[in-house]
1. Roughly how many Å is it from the Cα centre of the stretch A:74-138 to that of the stretch B:32-81, as a whole number?
2. With just the Cα atoms of the protein assembly as shown, tell me how far they stretch along each of the three principal axes, in Å, largest first.
3. Per q in 0.10, 0.18 1/Å, what log10 I(q)/I(0) does a Debye calculation on the alpha-carbon atoms of the stretch A:1-153 return?
4. Could you calculate the FRET efficiency of B:D103 with A:Q83 from 1/(1 + (r/R0)^6), where r is the beta carbon distance between them and R0 is 25 Å, rounded to 0.05?
5. Taking R0 as 30 Å, what's the FRET efficiency between B:N68 and B:I163 from their Cβ-Cβ distance, rounded to 0.05?
6. For A:A204 and A:A131 in the same chain, what is the full-extension length gain: residue separation times 0.36 nm, less their Cα-Cα distance, in nm?
7. What average count of beta carbons from other chains do you get within 10 Å of the Cβ of residues in A:59-67?
8. Take A:C140, B:C140 and sort them by solvent-accessible surface of the protein heavy atoms, 1.4 Å probe, largest at the top.
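The values are calculated or read from the model by the stated rules, or taken from the named source; none is laboratory data. Everything quoted here is computed from the prediction, not taken from an experiment. Cβ sites come from the backbone with ideal geometry, for glycine too, and all protein chains shown count toward neighbours. For the accessible areas, the whole protein counts, side chains as well, though only heavy atoms, and no ligand, DNA or RNA atoms are used. Shrake-Rupley method; radii C 1.70, N 1.55, O 1.52, S 1.80 Å.
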Amino acid sequence: MADYGFDALSVHVLVNLHDPESVVGIKAVAEWAADQDQIVRVWPFLREPINTAAEVPKGTPDFEAYKARRGLARRRYKDQERQRNLQRLSLNHLWSFTAAGAVLAHWGLLRLAEHGVSATIVSPFILGMVASNKVLDSVCVQAALTAVMPALASEIRGFDQSVAKAELAERSLWLSDQGVLSAPSMLYQGEVFSGMAHLPRLTALCRP
Amino acid sequence: MTNEHDEVSVLSVCIDFKSPYAFVAHELIWQLEAQSDVTVNWLPLTLNIGSFLGRAEKRDNGEVVDSNRTPKQWSVVKAAYREARCYAENQGRVLRGPLKIWDSSKAGIALIWAQNHADTRAQLKDFMTDVFDRFWQRDCDIEDLDVLHVALKNVGIQNEGFIDYAQGAGRASHDRLQEQLLTQGVFGVPSFIYEDEIFFGREHLDTVIWRLNGSQGPMPFVRYPWQAM
């Protein structure tokens, strides 16, 4: 897979920094990469989560009631899992981005990946950023990005939010077309792995 | 959470025989029981798959004869089976995609019966493994009470009265359980319930073990076990 820099030899991790699951995924894959001596790059993937239940045609009142109750249970569970993920990150707060901060952070991830920056470097940068503030605006994201890679300062000066947003959307759409359903996911040798829980299998695949 | 004998179980695990995820998880859960002091209380959660993934029916040759699934739903279903098949093969198991969405409630009732009538844990494990393995080889009609009746007998579980139970008290017990589990917040399988905390998916097995052991040290990351636990 040569397009967009997704070379076949590296493991590519696709994340959405709004979601703690992705940040936990970066932390997990960075530790894994260090153990495996494997090149891992972290890329943004910004698509709305797939809600297959919403596409099911309306049914009987009992059917609709079941759908509603199951949906509620699923949402409650996601909250519970979000709390566990914060615990995995040793954080007691959930961060959020301003609109500009979010675009800059994901655009920054893209540039870092293109510059060949590994997950082992991206991980402390992301963890430090989400731990430092509850609301991440473009000022703090810019400071974090230039701290991890000073050479990015000149690229950031030419940063155009709407152009960056379009680039992120286009790349995410392309990844969707390759079969990526959600973040975090991984790509290795053209195969999509949904979720970081596949790391043990990836270990077996990457082992010479 | 209690079973029919009001015995308190430390760890409850919800499964559905028609779920590929439950299929690739059940052996791992038995390993967890073998390697710890926990006795797993198996609970059937009969999923209404059509309510969240649409419905579909195929011929033997794979041709779709009836479906209301959208392309997005198909892509999710296909990815799920591709993934589950990979893990099943790694366990030396055969996973052939079902040709329809089965009503697995009778198999769920048989699971309740098996748990209450098995003389040993090995009998219960053999029953579950047999039904799971044959169902995923398209060799077990889990909607047929006679088939389940024989499956119980084949592993040495007393089956006299099972048919009546499945049509009466067992059905009532199963249906009541579905309400309870949904109210409790269980929406998929396999799910683990420990001290009112729910973990959905076999990727949480390490975290469940961590909780069972008193939550010492950092909480583990999620992972799908690839080699034996």
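1. Here the answer is 32 Å between Cα centres.
2. 79, 50, 47 Å, listed from the longest principal axis down.
3. -0.44, -1.08
4. Numbers: r = 35 Å, r/R0 = 1.41.
With a Förster radius of 25 Å, E is 0.10.
5. Efficiency for this residue pair is about 0.35.
6. Values: separation 73, 0.36 × 73 = 26.28 nm, distance 3.28 nm.
Extra length available between A:A204 and A:A131 comes to 23.0 nm.
7. Numbers: counts 3, 0, 0, 1, 3, 1, 0, 6, 4.
Mean shielding count: 2.
8. Working: A:C140 30, B:C140 5 Å².
Descending accessible area places them as A:C140, B:C140.
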